[in-house]
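Remarks on the structure that follows.
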Amino acid sequence: KGRSAVGAIGRVAKNLVWASPHMWRALTYALLLFLALAVTNGAALVQSYAQRDYMTALENKDAALFGQGLAFALALLAVGTPARCLAEYATGGLGIALRDAITDSLLAEYFKPQAVYWLRREASVP
């Protein structure tokens, strides 16, 4: 027979990584996702410290420090929310780009002329 499932998987993976035009789009979305998650997590970390500070100021009845801490926490919320939305956007885009790349790769592998002749010769689908 000369063909194995491992060989077919290897060819599909090679075509998916090196030959697919969708992989550059997927790589862009992956980098965007990484950046957005880093910003989101950093903002959440700093916001937890800001919340601690304004809650301490509230406990100590320090109005000026409370106002500063609350304003800083709200500013971090204003930064973190769009970053989280960007992460959701990048996740969806990455999923679509990978789906397109996998679909194109599998269709190219199954519908190339050699595969059709091989199916006719063997009279079975592996």
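Numbers for the structure displayed
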item	result
Residues of the range 33-70 classified as of a type outside the set (S, T, N, Q) and either in contact with an Asp or Glu (Cβ under 6 Å, 6 or more places away or on another chain) or surrounded by 14 or more Cβ atoms within 10 Å (Cβ to Cβ) (or both), total	20
Matching residues, the range 71-94, being among the aliphatic types (A, V, I, L, M) and either surrounded by 16 or more Cβ atoms within 10 Å (Cβ to Cβ) or in contact (Cβ under 8 Å) with a residue 40 or more places away in the chain (or both)	Ala73, Leu76, Val79, Ala83, Leu86, Ala87, Ala90, Leu94
Neighbours by Cβ (under 9 Å, 6+ apart or cross-chain): first from the range 95-124, closer than 16 Å to Arg11 by Cβ and modelled with pLDDT of 80 or more; second of a type in the set (D, E, K, R) and surrounded by 14 or more Cβ atoms within 10 Å (Cβ to Cβ)	Ala101/Arg25
Unique residue being among the small types (Gly, Ala, Ser) and modelled with pLDDT of 90 or more when the list is Ala13, Ala26, Ala75	Ala75
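The values are calculated or read from the model by the stated rules, or taken from the named source; none is laboratory data. Everything numeric here is computed off the predicted structure, so don't read it as measured data. Don't worry about glycine lacking a Cβ; one is built from the backbone with ideal geometry, like all the others, and counts go over all protein chains shown.
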